[in-house]
Every structure is written in C-alpha cells, then in structure tokens.
Amino acid sequence: EEFQKLLDNNTLYRSMTDVELVLRFFAIRNLDGYSEQFSTFLDNYLVAANQFPVTVLAQLKTLFEDTISFAYELLGEKAFYLWRPRKTKNGEKWGWFERATTTAYDPLMYVLSHLLDKKEKLLSNGEAIRENISQVYVANYATFEGRNSNKSDIEKRIAAYFDFFKGYIEE
C-alpha cells in the first residue's frame with residue numbers, strides 16, 4: 001500500500017516515461033531499423049519485441065540493468081545531464097542543464113552498453129571522465145543542442161561518445 005502510494009506520486013511512473021526510456025534503449029540498439037518518424041520506430045520495435053522469447057527478454061533485462069548501473073557508477077546522478085551554454089547578463093556561460101535529457105540518455109546508454117566489456121578500465125578513469133565529459137558537449141554542441149532525434153543526429157551523438165571514451169580505453 002505504501003509502495004503503491006509512492007508509485008502513484010511518481011511522475012515518471014504515472015506518465016510511463018520510465019517504460020519509454022527502457023523501450024528507447026532497446027530500439028536505439030537496433031538503429032538500422034529507423035527510417036520513419038521516431039515514434040513509429042519505437043512502436044515498430046515494441047511490436048517486434050513483444051514477440052521475443054522469454055529467454056531473450058531475460059538477456060535484454062540483464063543488459064539494460066547492467067548498462068544503467070554502469071552509467072550511474074561511472075557518471076553518477078548527472079549521467080544524462082547536458083553541458084550547454086546559457087545567455088547571461090555578461091554574455092554566455094556554460095553549465096550543466098540540471099535534469100536528465102533523452103538527448104544524452106539515448107546515445108550514452110547505447111555506447112555504454114557496447115562498452116560493458118571495458119567497464120573496469122573506464123571506472124578506473126572515472127574521475128577524469130566525469131571532469132572531462134563536458135568536452136563532448138562543447139566540441140559537438142551543434143549535435144547535442146537540439147531536441148532532434150532523427151537517425152543522423154543519434155548516430156553523430158553516438159560517435160561523439162565513442163570517440164570520447166576511446167581515449168580512456170586506449171591509454
């Protein structure tokens with residue numbers, strides 16, 4: 001009863017945003033199938049995924065849990081925040097956008113899911129990664145600034161993260 005009350009008061013749960021985030025993770029891992037509107041791409045993936053055998057679903061569950069845990073362990077609560085400029089009275093100032101965004105979540109989860117075998121190496125460089133990840137956003141601002149979620153934008157964001165993490169794997 002108390003747990004249900006917590007769920008009922010949770011905006012992500014009530015709006016099913018949490019479910020959408022899991023769906024986005026799996027769909028984007030199959031980006032080759034993306035050729036229409038993003039919402040249609042997600043719908044089509046969901047239809048296909050509902051036909052997966054239970055054993056595949058169990059493997060996918062583990063993959064998601066391992067990846068989201070890795071993201072949190074590596075980057076903390078700000079894992080899916082964006083570093084971006086804001087206009088101030090004195091010009092422009094860069095800083096963290098203080099909430100998670102799908103612009104960061106989608107490609108970062110994709111990349112981390114493909115780097116699970118490099119987890120220990122990346123975690124050993126965690127402090128430097130947390131200090132320097134803002135460089136990804138500065139160097140690729142045009143790619144991360146918009147809310148565009150077309151295939152090309154997602155691919156560019158994925159490439160930017162892969163390039164960044166490569167520097168901490170190939171030392």
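Restricting segment 153-171 to residues that are part of a helix (DSSP H, G or I) and among the charged types (D, E, K, R), the residue that is surrounded by the fewest Cβ atoms within 10 Å (Cβ to Cβ) is LYS166. If the condition is being among the hydroxyl-bearing types (Ser, Thr, Tyr) and either touching an Asp or Glu at 6+ places or on another chain (Cβ under 9 Å) or surrounded by fewer than 16 Cβ atoms within 10 Å (Cβ to Cβ) (or both), then segment 116-152 contributes SER124, TYR137, TYR141, THR143, SER149, SER152.
Taking the criterion of being modelled with pLDDT of 90 or more, under 14 Å from the mean Cα position of the chain (by Cα) and crowded, with 18+ Cβ neighbours inside 10 Å, would at least one residue in segment 44-60 satisfy it?
Filtering segment 44-60 for residues modelled with pLDDT of 90 or more gives 44-60.
Right, trim to under 14 Å from the mean Cα position of the chain (by Cα) and you get none.
There is no residue in segment 44-60 that is modelled with pLDDT of 90 or more, under 14 Å from the mean Cα position of the chain (by Cα) and crowded, with 18+ Cβ neighbours inside 10 Å.
For LEU75, state whether it is surrounded by fewer than 17 Cβ atoms within 10 Å (Cβ to Cβ) and either touching a residue at least 60 places away in the same chain (Cβ under 8 Å) or out of contact with any strand residue (DSSP E or B) (no Cβ under 8 Å at 6 or more places or on another chain) (or both). Judged against the criteria, LEU75 is not a match. Scanning segment 95-152 for residues that are within 22 Å of LEU60 (Cα to Cα) and either in contact with a Cys (Cβ under 6 Å, 6 or more places away or on another chain) or assigned to a loop (DSSP other than H, G, I, E, B) (or both) yields a single hit, LEU115.
Going by what's in this entry, would LEU63 be described as at pLDDT 95 or above, buried (at least 19 other Cβ atoms within 10 Å of the Cβ) and of a type outside the set (Phe, Trp, Tyr)? In short, no. One residue stands out among those in segment 41-92 that are hydroxyl-bearing (Ser, Thr, Tyr) and not in a helix (DSSP H, G or I): the one that is farthest from PRO107 (Cα to Cα), which is THR88. When residues of segment 125-144 are filtered for being polar (S, T, N, Q) and in contact with a Leu (Cβ under 6 Å, 6 or more places away or on another chain), how many remain? Number satisfying all stated conditions: 0. Of the conditions (1) open to solvent by less than 50 Å² (accessible area, probe 1.4 Å); (2) modelled with pLDDT of 90 or more, PHE38 fails just one. Which one is it? Failed condition: (2). Residue pairs whose Cβ atoms lie under 9 Å apart, sitting 6 or more positions apart in sequence or on different chains, and linking a residue in segment 110-122 that is over 11 Å from ALA71 (Cα atoms) and at pLDDT 95 or above to a partner that is surrounded by 15 or more Cβ atoms within 10 Å (Cβ to Cβ) and charged (D, E, K, R), are HIS114/ARG29.
The values are calculated or read from the model by the stated rules, or taken from the named source; none is laboratory data. This structure is a prediction, so every number in the text was calculated from the model and none was measured. No Cβ is skipped: glycine too gets one built from the backbone with ideal geometry, and neighbour counts run over all protein chains shown. We work out accessible area using only protein heavy atoms, side chains counted, and drop any ligands, DNA or RNA first. Shrake-Rupley method; radii C 1.70, N 1.55, O 1.52, S 1.80 Å.
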